[in-house]
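For reference, the structure discussed in these notes is given below.
The values are calculated or read from the model by the stated rules, or taken from the named source; none is laboratory data. Bear in mind that the values here come from a model prediction, so they are computed numbers and not experimental data. Backbone-built Cβ (ideal geometry, glycine too); neighbour counts: all protein chains shown.
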Amino acid sequence: MAHHGRRRLTRRDVLLRTAAGGLVLGGGAAVAGPLLATADAAPSAFGYRDDGRAYVITTGADLVFKVDHRNGDLISLVHKGTEYQGYGNRNSQVETGLGPSSVSIRKTGDTILVTVVHGTMHHYYAARRGENNVYMWTNKADASITATRYIVRVRPGLFPNNDPDSWDSRTDSLIEAQDIRRKPNGTTRSKHYSNQRVIDYDHVGWSDGKTGMWMVRGNHEKASGGPFYRSLMRHHYEDGAGLYEILYYGENQTEPMRFGLQGPYVLAFTDGGAPARSLAHDVIDTSWVDGLGLVGWVGRAGRGRVAGVGISGRGDGHAYTVGFSNPAAQYWAKADAATGHFVSPYMLPGTYKLTVHKDELAVHTTSVTVTAGKTTALHTLKITADPSRNPAIWRIGDWTGTPDGFKNASLMTTMHPSDARARPWATGVHTVGSSSPADFPCYQWAGINNALKIRFRLTRQQLASGHTLNIGITTAFANGRPRIRVNEWVSAVPAPAKEPTTRSLTVGSYRGNNHTYSYAVPASAWIKSATAYQEVTIDVVSGSGGTAYLSPGVSYDAIELLP
């Protein structure tokens, strides 16, 4: 075992920067020296050796990798004779490098385990005999150490580089913070534009047709943000590429950080295809981990499940997801489309808030207790809080917790709002009954497309009374919130909803804390004619500054007038 002095890692203030700064990969990071010489190019028998500076692990397949025993950095990844690790004189590592750590290695049967200890944090690498995989776990026990990701840094020129989350700084212009660029053809690129909710993907990476390199995500039980959270997954620039497992990401985050062991997440090499389905977080066999002594590890025997026979009150054409959360863990399960039946993953024991989501909108909540070694059976859950079921005089969009169906909504998770492929954000008057929701902008900013107008008629009976106007948002930026004018009547400025304080609308995410603003419009506001158009004007207001696409803004879910 190699013993080294420990230091308390300085928190990177860049992690939680807002629109003015963004997230800069590797900014101010201190790496532990230059990249070392590559590992042995020719694989041999399963085992390891110490070359004096690093542990060299041979998997007995086509992979040899090195772990620096001073700091726990992964400093070499040789697959079939090709070195994949490293760019910009940086290693693959937890966060931007832990610095001096205690690093040890041992072989147990068909497993080689490297343990990295830095203060209260533990990070692990494991190799299994005959596999081209590196299994990893990270246990951030408390807030004393900044450890929010693992990044695999990949040498340039090894994989194709033309995805929404890639750019070439030699030709592309920087347009926001340090991480969003515009290509000469007017399209935009960013490391944020991978367009995957956590529930949607099992792995991310690249293939050149002969070799595939993938990060297979863990179950994210100790991550934050729930099933619909979008986060940084990979990047690819002309000078290198990166694969991430995000343990906690401060941008557009809706929940506090959770602590504890996360993993396994797996760096997998293939012969060009996708990684084996058996590595996916929901099916992986981790029985071999039980005897390794990982700090914080809870095997299947120490876990329980939740099963529900069905969900009533569901709407046609919507996906339903059942989420479970408490301060210690989070999970989710997709409900069967025909019956609403669901079975949770294997969960840590405890009491959880259970939330039924219609698409991404919470429509039912209750609580459930999970017991180790048991499956908690639930009777049919009945949805009673779906606003789509409320009668409305008119409604623009549907209540889904997303901006789906509105103008540009299908584009905004893969590009910047200024992208040449987006339709103009400024819009004419939306006339209820003849205009399409697809022509109503999914986002509104104070500095881009304020004063959105909606026209509609009311019957004589409807004109005789006041009505409630609801505006549902999925998130807001810079304390943006809607103030309405109905003909000559002007609403008060509502208090801002509690939403993430960092960038959202420009970094591929509309996910926030869904909120509905309700306005009691008095009968005196109406033009007293059944043939006249009533006109609503919506302005985004805020006490915060910002210009253009970084001015205060909101993402729309639905707008409706109730009887």
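Quick notes on this one:
- Qualifying residue in the stretch 305-317 (condition: under 27 Å from residue 398 (Cα atoms) and without any contact (Cβ under 8 Å) to a residue 60 or more places away in the chain): yes
- Selection status of residue 242, touching a Ser or Thr at 6+ places or on another chain (Cβ under 6 Å), closer than 21 Å to residue 413 by Cα, buried (at least 20 other Cβ atoms within 10 Å of the Cβ) and of a type in the set (Gly, Ala, Ser): no
- Residues satisfying the stated conditions in the stretch 510-563, i.e. surrounded by fewer than 16 Cβ atoms within 10 Å (Cβ to Cβ), touching an Asp or Glu at 6+ places or on another chain (Cβ under 9 Å) and in a strand (DSSP E or B): 516
- So residue 448, is it part of a loop (DSSP other than H, G, I, E, B), in contact (Cβ under 8 Å) with a residue 12 or more places away in the chain and buried (at least 18 other Cβ atoms within 10 Å of the Cβ): yes
- Candidate set from the stretch 328-355 (those that are under 25 Å from residue 510 (Cβ atoms) and under 19 Å from the mean Cα position of the chain (by Cα)); member that is surrounded by the fewest Cβ atoms within 10 Å (Cβ to Cβ): 334
- Search result, residues across the stretch 344-363 that are touching a Ser or Thr at 6+ places or on another chain (Cβ under 7 Å) and part of a strand (DSSP E or B): 351, 352, 353, 354, 355, 357, 358, 361, 362
- The strands (runs of 3 or more DSSP E) found entirely in the stretch 126-223 that carry 2 or more residues being polar (S, T, N, Q) and touching a residue at least 40 places away in the same chain (Cβ under 8 Å) are 133-140, 188-190.
- Looking across the stretch 251-306 at every residue that is in contact with a strand residue (DSSP E or B) (Cβ under 8 Å, 6 or more places away or on another chain) and of a type in the set (D, E, K, R), the one that is nearest to residue 511 (Cα to Cα) is identified as 255.
- Of all residues in the stretch 370-403 being under 22 Å from residue 458 (Cα atoms) and of a type in the set (A, V, I, L, M, F, W, C), the one that is farthest from the chain's Cα centre (by Cα): 393
- Subset of the stretch 495-512 (residues that are closer than 19 Å to residue 558 by Cα and touching a residue at least 24 places away in the same chain (Cβ under 8 Å)): 496, 497, 499, 504, 505, 509, 510, 511, 512
- Criterion violated by residue 343 - all others in (1) modelled with pLDDT of 95 or more; (2) farther than 15 Å from residue 320 by Cβ satisfied: (2)
- Within the set 361, 378, the sole residue that is surrounded by fewer than 19 Cβ atoms within 10 Å (Cβ to Cβ) and out of contact with any Lys or Arg (no Cβ under 7 Å at 6 or more places or on another chain) turns out to be 378.
- Failed criterion for residue 189 (all others in (1) at pLDDT 95 or above; (2) surrounded by fewer than 21 Cβ atoms within 10 Å (Cβ to Cβ); (3) under 21 Å from residue 418 (Cβ atoms) hold): (2)
To keep it simple, each residue is scored yes or no on (1) within 27 Å of the chain's Cα centre (by Cα); (2) assigned to a loop (DSSP other than H, G, I, E, B); (3) of a type in the set (Phe, Trp, Tyr); (4) surrounded by 18 or more Cβ atoms within 10 Å (Cβ to Cβ).
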| site | (1), (2), (3), (4) |
| --- | --- |
| 365 | yes, no, no, no |
| 405 | yes, yes, no, yes |
| 421 | yes, yes, no, no |
| 425 | yes, yes, yes, yes |
| 461 | no, no, no, no |
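- Restricting attention to the stretch 484-495 and to residues that are over 20 Å from residue 530 (Cβ atoms), surrounded by fewer than 18 Cβ atoms within 10 Å (Cβ to Cβ) and not small (Gly, Ala, Ser), the residue that is farthest from the chain's Cα centre (by Cα) turns out to be 490.
- Some residue of the stretch 69-78 being touching a His at 6+ places or on another chain (Cβ under 9 Å), more than 19 Å from residue 259 (Cα to Cα), β-branched (Val, Ile, Thr) and modelled with pLDDT of 95 or more: no
- Residues in the stretch 424-473 that are touching a Pro at 6+ places or on another chain (Cβ under 9 Å) and of a type in the set (Ser, Thr, Tyr): 427, 443, 465, 468.
- Residue identified as among the aliphatic types (A, V, I, L, M), outside the structural domain of residue 328 (by TED's automatic domain parsing), at pLDDT below 95 and within 22 Å of residue 73 (Cα to Cα) among 147, 126, 177: 147
- Checking 35, 63 one by one, the residue that is crowded, with 19+ Cβ neighbours inside 10 Å and at pLDDT below 50 is 35 and no other.
- Count of residues meeting criterion [outside any loop (DSSP other than H, G, I, E, B) and of a type in the set (A, V, I, L, M, F, W, C)] in the stretch 290-343: 11
- Test: residue in the stretch 298-316 that is closer than 26 Å to residue 104 by Cα, among the charged types (D, E, K, R) and outside the structural domain of residue 404 (by TED's automatic domain parsing): no
- Qualifying positions in the stretch 463-494 - assigned to a strand (DSSP E or B) and free of Cβ contacts under 8 Å to residues at least 40 places away in the same chain: 489, 490
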